[in-house]
Amino acid sequence: MGETHNHNHNHSHQHHGPPPVVAAPPTSLPGHVGGPVYPPAEQLHQLHFCIHSNPRWPEAVLLAFQHYIVMLGTTVLIASIIVPLMGGSHNDKARVIQTLVFMGGINTLLQTCMGARLPTVMGPSFAFFIPVMSIVKDFGDGSFESEHDRFVHTIRAIQGALIVSSFFNIIFGYSRAWGHCARFISPVVVVPVVCVVGLGLFQRGFPRVAQCVELGLPMLILLVVCQQYLRRLHKLAHTLFERYGLLFCTTIIWAFAAILTVAGAYNRAREQTKISCRTDRSYLISSSPWVKIPYPFQWGPPIFRASHVFGMMGAAFVSSAESTGTYFAAARLSGATPPPTYVLSRSIGLQGISMLLDGLFGAAVGTTASVENVGLLGLTHVGSRRVVQISTAFMIFFSIFGKFGAFFASIPLPIFAAIYCVLFGIVAAIGISFIQFTNNNSMRNIYILGLSLFLGISIPQYFTQFYDANGHGPIKTSGGWFNDIFNTIFSSPPTVALLVGALLDNTLDAKHTGNDRGIPWWLPFQRRKGDMRNDEFYCYPLRINEFLPSRYLH
């Protein structure tokens, strides 16, 4: 298998400087008449900077700022949907966005230092939407003196549910239960899970581009042309457009949107069109304070209800499954080995601590690994951990100095949607690349991959459409908490793909098809001592290993 035969060979050149940009040389099979056949490659050779290699500081700061801009889209979208339903004003929405961005910076720094150690940005998750909507409905009975009072009571109830449900992840992670479950994951399962981590978010792509097609479509076309075609004009243009093309394109289309707004192009448009297209309809700049530091219990003491907690636990499980798929994609796009089971356990445990902090600080939803920021690693060919860590400085700074952060958060959402069309596609394609480590000609593997992929997209689509049409999921019993748990689980594409794929892969002739499943290649990476590179990529910084119990290191 070419490079994959030897797990212990030295890859130090990929961590102390840019790896070679040439692909693995093609080989010819005996009796093969067609073109060249490319051997499997554990690491992508076109990455300019891997997890341990870092750009120069000016470049790293610009790349980090791109990560900050990309994570803003989902943050603003979640707040824009949830806060008005909670009864919040524009000022409340601005404060929620500030809190979400602030917690994103804190949680990203924790995860890159003490968790997965991969270059993944931690941001707000749509997995918490259903249980949050259940809490909103519980407080929508009109018994409050004002809408602001209803908003405050609702977010305090969300705080209480996040605080208690966070212990699900903390216990499941640090007890190593998540790692033991991850042993049932093989490359055959990783392919559909990572694929639908990207493809499952298709509704946040072109459907939202079309909400303002005169901004979204030019952004999509310009990003592809600039990043893939214009970079070929000159060596300097290659570096600039490949690494910073997203910033150039966003600035150009954002300026174009401002010109259209000032020129009155949307003065007579529908209200929804104004919200999507105009640059002055977010009201974030006028509503945000100049300086405001998010602090624990800023909305008041949490409200605890058992029904809210159980529903939020389902979302905690879903966010863990989605993050697991995202970590596999991030490892491949940063030149690291697949994350071992002990790394997955501690990352999910730390994600529980992040949820606890989200609850304490009053974030509207919990945390998960950001798919779009992982896609940005592939777009820029820079998988450096330091770049993502620097991006946390932008998150924390702009969340405290609200006016400046609101300026960037006012970018129209169709511009972000166009970016997502590219970034989510990259993550989906990275999932496909894992198939090279399995037997592509095995009808058993083809069956599992096909069914997992299709059901991973089809089942959540049914649950989502049912919820949008009826205001509740298809599972509707007298137990609201029961409904929230299962409606949340089956609304998540990565979770459905993981459950279906793992069940089929471990029950369909699993013992006699180990080679077809890629198990001999996979197993060394799942143990700390199985591959010498595991320690290099995933060990704690600053000799922290020496002070931790060994059970958290294996």
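When we screen ASN91, ASN54 for residues that are touching a Lys or Arg at 6+ places or on another chain (Cβ under 7 Å) and open to solvent by 30 Å² or more (accessible area, probe 1.4 Å), the only hit is ASN54. Only a single criterion out of (1) closer than 30 Å to CYS226 by Cβ; (2) open to solvent by less than 40 Å² (accessible area, probe 1.4 Å) is not satisfied by ILE432, namely (2).
Any idea which of PRO207, PRO218 is under 21 Å from the mean Cα position of the chain (by Cα) and surrounded by fewer than 21 Cβ atoms within 10 Å (Cβ to Cβ)? Lay out the reasoning, then the answer.
Numbers: PRO218 fails: under 21 Å from the mean Cα position of the chain (by Cα).
Answer to the selection: PRO207.
Residues that are open to solvent by 10 Å² or more (accessible area, probe 1.4 Å) and over 17 Å from the mean Cα position of the chain (by Cα) within region 98-121 comprise GLN98, CYS113, MET114, listed in sequence order. Looking only at residues of region 380-405 that are aliphatic (A, V, I, L, M) and open to solvent by less than 10 Å² (accessible area, probe 1.4 Å), we find that the one that is nearest to TRP57 (Cα to Cα) is VAL387. So for region 362-373 (the condition being modelled with pLDDT of 95 or more, out of contact with any strand residue (DSSP E or B) (no Cβ under 8 Å at 6 or more places or on another chain) and either part of a helix (DSSP H, G or I) or of a type in the set (D, E, K, R) (or both)), does at least one residue qualify? Taking every residue of region 362-373 in turn, at least one turns out to be modelled with pLDDT of 95 or more, out of contact with any strand residue (DSSP E or B) (no Cβ under 8 Å at 6 or more places or on another chain) and either part of a helix (DSSP H, G or I) or of a type in the set (D, E, K, R) (or both). Of all residues in region 256-313, those being part of a loop (DSSP other than H, G, I, E, B), surrounded by 14 or more Cβ atoms within 10 Å (Cβ to Cβ) and among the polar types (S, T, N, Q) number 4.
When you look at ALA161, is it under 20 Å from SER347 (Cβ atoms) and open to solvent by less than 50 Å² (accessible area, probe 1.4 Å), yes or no? Steps first, answer last, please.
Working: under 20 Å from SER347 (Cβ atoms): no; open to solvent by less than 50 Å² (accessible area, probe 1.4 Å): yes.
Taking the combined requirement at face value, the residue does not satisfy it.
CYS226: open to solvent by less than 10 Å² (accessible area, probe 1.4 Å) and either among the acidic types (Asp, Glu) or within 20 Å of LEU62 (Cα to Cα) (or both), yes or no? Judged against the criteria, CYS226 is a match. Would you be able to say whether some residue in region 20-42 is open to solvent by less than 10 Å² (accessible area, probe 1.4 Å), under 30 Å from TYR174 (Cβ atoms) and either under 23 Å from the mean Cα position of the chain (by Cα) or modelled with pLDDT under 90 (or both)? Scanning region 20-42, I find no residue that is open to solvent by less than 10 Å² (accessible area, probe 1.4 Å), under 30 Å from TYR174 (Cβ atoms) and either under 23 Å from the mean Cα position of the chain (by Cα) or modelled with pLDDT under 90 (or both), so the answer is no.
Check whether at least one residue in region 365-373 is open to solvent by 40 Å² or more (accessible area, probe 1.4 Å), in contact (Cβ under 8 Å) with a residue 40 or more places away in the chain, charged (D, E, K, R) and farther than 19 Å from LEU498 by Cα, and report yes or no.
Let us first name the residues in region 365-373 that are open to solvent by 40 Å² or more (accessible area, probe 1.4 Å), namely none.
No: zero hits.
For SER175, the criteria (1) in contact with a helix residue (DSSP H, G or I) (Cβ under 7 Å, 6 or more places away or on another chain); (2) closer than 26 Å to SER323 by Cβ; (3) polar (S, T, N, Q) hold in every case but one, which is (1). Only one entry of ILE475, ILE446, ILE415 meets the criterion of being open to solvent by 30 Å² or more (accessible area, probe 1.4 Å) and not in a loop (DSSP other than H, G, I, E, B), and that entry is ILE446.
When residues in region 59-76 are screened for being under 11 Å from GLY123 (Cα atoms) and surrounded by fewer than 21 Cβ atoms within 10 Å (Cβ to Cβ), 0 of them pass. Determine, yes or no, whether VAL388 is in contact with a Leu (Cβ under 7 Å, 6 or more places away or on another chain) and either within 26 Å of SER166 (Cβ to Cβ) or not small (Gly, Ala, Ser) (or both). Judged against the criteria, VAL388 is not a match. In this structure, is PRO524 assigned to a helix (DSSP H, G or I), at pLDDT below 95 and over 21 Å from ASP138 (Cα atoms)? Spelling it out, PRO524 is indeed assigned to a helix (DSSP H, G or I), at pLDDT below 95 and over 21 Å from ASP138 (Cα atoms). Among the residues of region 173-186, those identified as surrounded by 21 or more Cβ atoms within 10 Å (Cβ to Cβ) and not polar (S, T, N, Q) are GLY173, TRP178, GLY179, ALA182, ILE185. Out of the residues in region 78-88 meeting the condition of being in contact with a Leu (Cβ under 9 Å, 6 or more places away or on another chain) and open to solvent by less than 10 Å² (accessible area, probe 1.4 Å), tell me which one is farthest from VAL152 (Cα to Cα). That would be ILE78. When you scan region 333-345, do you find a residue that is open to solvent by less than 30 Å² (accessible area, probe 1.4 Å), in contact with a His (Cβ under 6 Å, 6 or more places away or on another chain) and under 30 Å from THR495 (Cβ atoms), even just one? Yes, there is a match, as at least one residue in region 333-345 is open to solvent by less than 30 Å² (accessible area, probe 1.4 Å), in contact with a His (Cβ under 6 Å, 6 or more places away or on another chain) and under 30 Å from THR495 (Cβ atoms).
Taking region 230-251 as the range and being more than 26 Å from the chain's Cα centre (by Cα) and either surrounded by 16 or more Cβ atoms within 10 Å (Cβ to Cβ) or farther than 22 Å from LEU62 by Cβ (or both) as the test, the residues that pass are LEU230, ARG231.
Here VAL196 meets each of (1) within 20 Å of VAL318 (Cβ to Cβ); (2) open to solvent by 10 Å² or more (accessible area, probe 1.4 Å); (3) modelled with pLDDT of 95 or more with one exception, condition (2). Of the helices (runs of 4 or more DSSP H) lying entirely inside region 77-174, those containing at least 3 residues that are among the hydroxyl-bearing types (Ser, Thr, Tyr) span 90-114, 147-174.
The values are calculated or read from the model by the stated rules, or taken from the named source; none is laboratory data. Treat the numbers as computed from the prediction; the structure is a model and nothing was measured. Neighbour counts are summed over all protein chains in view; Cβ atoms, including those assigned to glycine, are modelled from backbone coordinates with ideal geometry. Remember, those area values only see protein heavy atoms, side chains included, never the ligands or the DNA or RNA. Shrake-Rupley method; radii C 1.70, N 1.55, O 1.52, S 1.80 Å.
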